[in-house]
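Working notes, structure below.
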Amino acid sequence: MLCQECGKRPATLHFTKILNGEKTELHICESCARDKGEFIPGTQSGFSIHNLLSGLLDFEQHAGTGASKPPAVRCDSCGMTYSQFSKIGRFGCSDCYKHFGERLDPLLKRVHGNTTHVGKVPKRAGGKVKTKREIDRLKQEMQGRIENEDFESAAQLRDRIRELEKEMGGI
Amino acid sequence: MQTEGPESDVVLSSRIRLARNLRGSPFPMLATPAQSQAVMEQLLDVAENGRLNGLGPLEIIRLSELTELEKLVLVEKHLISPNLANESRNGALILDQKEDVSVMVNEEDHLRIQCMRPGFQIREAWETASLIDDVFEEQIDYAFDEKHGFLTSCPTNVGTGIRASVMMHLPALVLTGQINRILSAVTQVGLAVRGLYGEGSEATGNLFQVSNQITLGQSEEEIIENLHQVARQMLEHERAARSKLLSDSRARIEDRVRRSFGILSHAAIMDSKEASQRLSDVRLGVHLGLLPQVNVKTLNELLVSTQPGFLQMTYGEALHPEQRDMTRADLIRDRLAISS
Ligand SMILES: [Zn+2]
Ligand SMILES: [Zn+2]
C-alpha cells in the first residue's frame, strides 16, 4: 500500500481517526505524517514514557561515534529503520529486535537496568531455553567446584552438561 | 468490581496485565487492516471455541461494533485502555462474566491479558493471568526470544511483558502532607505511581495506582514481590497516618468526613471532581469508624457509576454537562439513602 499523501513511499502508518463521531482511515508514510503533524502513536503529548524514550534513543544515535553517522539499520521483515524506531519509540514487529541487535542493549539497560530476560518461558518455544539456562547454571556450579578443588563432583557436573548439550542437538 | 478483598481499607484492587504478540505478524501499529483482522480472528477463535474454559462463558466484543459512549464506559470500568478505545481498528475485547478477566486484542500489542482482583491480591491476580497466558500459548506461537523474552511493541514492556499494579486510597498521607515524600521514595525503587485515570491525569479522589516499571531482567515473581512489599509499606504508612489523624485531630477529621457525607446526601449539583473528592472523604470516614451507616460496596459502585460515560449510558446519551452533574447528584443521594 502506497502513502495516501505522497503516493511514492510505502504507507507504514495506518490510523483510524474518529473526529466528532466521523471515522476516517489514513494510510501514510512516516515522513508525510511528520510533515502533516499527524498524531503518531508513541509521540502523543502526555504519553511521557515514549517521549522520554525517543529522547533517549536520539541521544544514543547522536552520542555514538561523533560526527560519523551510523549505518542505516532496517528490519527486513517490517521495513522499520532504526532511525524511525528511535523517533516513534516502538518496534514495528518482533523481528526488529533481531535486526537492531546489540544497538538495543544500551537503551534496554537504561530503561530496565538489564538486557536479558529471566522470567517466564513459553512451553512451545521453551524447551531449549530452559535446557540452556540449566547448562549455564551447571557450568557456574562446576567452576565453583573446580575452584574448591572438588574435582570429582565437578567431573559429574561436566558429564551432566554434556548430556544436556547433546539433548539440545549438539553444540 | 463490587466485592471487597483483603486490606480493602487501603487497597481497592490489584491488577496484572500481560503483553503478548504473535510470531510473524507486524505489531498492531504497523499492521495493515487485513493483517490485524487476521490476528483478531485467530485470537478470538481461541476464546470462541471455548478453549479458554475454566473461565466460564465469555463475551466477545468487536470494538468496531460499539458506539463511542459504549467504549468510554469500558474505559471507565478499566476493561479497555483509552488507547484501544481511540484506535479500535480491528480491536476486540474478550470478557468473562464477572468482568475480572479481560483480554484486549490489537491494542499496542496483539494481546493484552488483564486480570483484576478486589483488594490486595496481586499474587492471586498473577496466578490467574499466567494460567490464561498458558491457554493462549497452547494455541498460538508467541513472539519470544531467548535473550529478550516476550517481544513487545514498546521497549518498556519487553521481557516479562508484565504490568502489575495496585490501586490504593491514600487520603491520610495526602492530608498529612507525607504523600510526595513517599511517592518519590517509591519511584526510586523502580515503581511508577499515577492517578486513577491513567497517564498524566492528576490523582482524583486520592486514588493512586502503583505499578512496576521494569519488565526485563527480573522474573515475574521478583517484580510482584517488589510491588507487594512496597505497597505493603505504603499501606502501613497510610494506616498509621489515619490513626494519627484520629488521635491528634479527631474533631477536625470528623467534621470533614461528615460535611462531605452531608453534601453528598443533599446536594443537587455535583461535578465529577467534587464527587470523587467527597467520596474519598466518606470512604476515609467509613474506615475510621466515623460513618458506620455507609456501606463500602456502595462507594465502590459509585466510583464507577458516577463517571461521565457511565452516567450517560444509564440516563441517556444526550445529557449535557449541567444535566450530568444534576443526575450525578441524584444518583449519589439515592444510593447513599438506600445504603444507610
Ligand atoms: Zn508519504
Ligand atoms: Zn520489524
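Structure values in brief
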{"item": "Average other protein chain Cβ within 10 Å of Cβ, residues B:134-143", "result": "3"}
{"item": "Sequence of B:283, B:23, B:232, A:9 from largest to smallest accessible area, 1.4 Å probe", "result": "B:23, A:9, B:232, B:283"}
{"item": "Positive dipole terminus of segment B:1-103, leading residue within B:26, B:52, B:84 (C-beta point charges)", "result": "B:26"}
{"item": "Whole-Hz couplings from phi, Karplus 6.51/-1.76/1.60, listed for segment B:315-325; x for Gly and Pro", "result": "10, x, 6, 8, 4, 8, x, 5, 4, 4, 5"}
{"item": "Per-residue SASA entry for residue B:310, accessible area with 1.4 Å probe, Å² rounded to 10", "result": "50"}
{"item": "Alpha-carbon centroids, segment B:9-64 and segment A:83-98: separation in whole Å", "result": "22"}
{"item": "Rounded percent of accessible protein surface that carbon and sulfur make up, chain B, 1.4 Å probe", "result": "48"}
{"item": "Principal-axis tilt of helix B:220-248 within chain B, Cα atoms, nearest 10 degrees", "result": "10"}
{"item": "Rounded accessible area of residue A:96 (nearest 10 Å², 1.4 Å probe)", "result": "0"}
{"item": "Rounded FRET efficiency, nearest 0.05, which uses the C-beta distance separating residue B:34 from residue B:135 and R0 of 30 Å", "result": "0.70"}
{"item": "Cα-centred dipole magnitude for chain B, charges only on beta-carbon of K, R (+1) and D, E (-1), debye, nearest 20", "result": "1380"}
{"item": "Residue (of B:310, B:286, B:332) at the positive-pole extreme of segment B:249-336, dipole from beta-carbon charges", "result": "B:286"}
{"item": "Long-range HN-HN contacts of residue B:119 with modeled amide H, under 5 Å", "result": "B:5, B:13, B:14"}
{"item": "Selected from B:93, B:311, B:66 as most flexible by GNM, with chain B as the system and alpha-carbon contacts under 10 Å", "result": "B:66"}
{"item": "Amide proton proximity set for residue B:142, modelled H, under 5 Å, gap of 5+", "result": "B:23"}
{"item": "Within straight-line cross-link reach of residue A:109, aspartates and glutamates at Cα separation under 16 Å, skipping those fewer than 8 residues along the same chain", "result": "A:58, A:60"}
{"item": "Distance cut-off 27 Å, percentage of C-alpha pairs in segment B:12-159 lying past it", "result": "15"}
{"item": "Normalised contact order of segment B:233-340, rounded percent, pairs of Cα under 8 Å and 6 or more residues apart", "result": "32"}
{"item": "Accessible surface buried once A binds B (1.4 Å probe; total of both sides; Å²)", "result": "4200"}
{"item": "Listed residue (B:323, B:299, B:272) projecting farthest to the positive dipole end of segment B:263-333, Cβ model", "result": "B:299"}
{"item": "Phi-based couplings in Hz for segment B:113-118 (Karplus 6.51, -1.76, 1.60; Gly and Pro marked x)", "result": "8, 10, 9, 10, 9, x"}
{"item": "Exceeding the 18 Å Cα-Cα cut-off - candidates A:120/B:77; A:120/B:147; B:77/B:297", "result": "A:120/B:77"}
{"item": "List B:237, A:117, ordered by accessible area with a 1.4 Å probe, largest first", "result": "B:237, A:117"}
{"item": "Segment B:12-159: relative contact order as a whole-number percent, Cα under 8 Å and 6+ apart", "result": "35"}
{"item": "Number of partner chain Cβ atoms within 10 Å, mean per residue of A:92-101", "result": "6"}
{"item": "Sequence of B:214, A:135 when ordered by accessible area, the most exposed leading, probe 1.4 angstrom", "result": "B:214, A:135"}
{"item": "Placed amide H near residue A:2: partners under 5 Å, 5+ positions off or other chain", "result": "A:11"}
{"item": "Residue A:149/residue B:146 FRET efficiency (R0 25 Å; Cβ-Cβ; nearest 0.05)", "result": "0.15"}
{"item": "Percentage of interatomic Cα-Cα distances in chain B larger than 36 Å", "result": "23"}
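The values are calculated or read from the model by the stated rules, or taken from the named source; none is laboratory data. Note that the coordinates shown come from a computational prediction; the quantities given were computed from them, not determined experimentally. Note that we place each Cβ from the backbone using ideal geometry, even for glycine, and neighbour counts take in every protein chain shown. We work out accessible area using only protein heavy atoms, side chains counted, and drop any ligands, DNA or RNA first. Shrake-Rupley method; radii C 1.70, N 1.55, O 1.52, S 1.80 Å.
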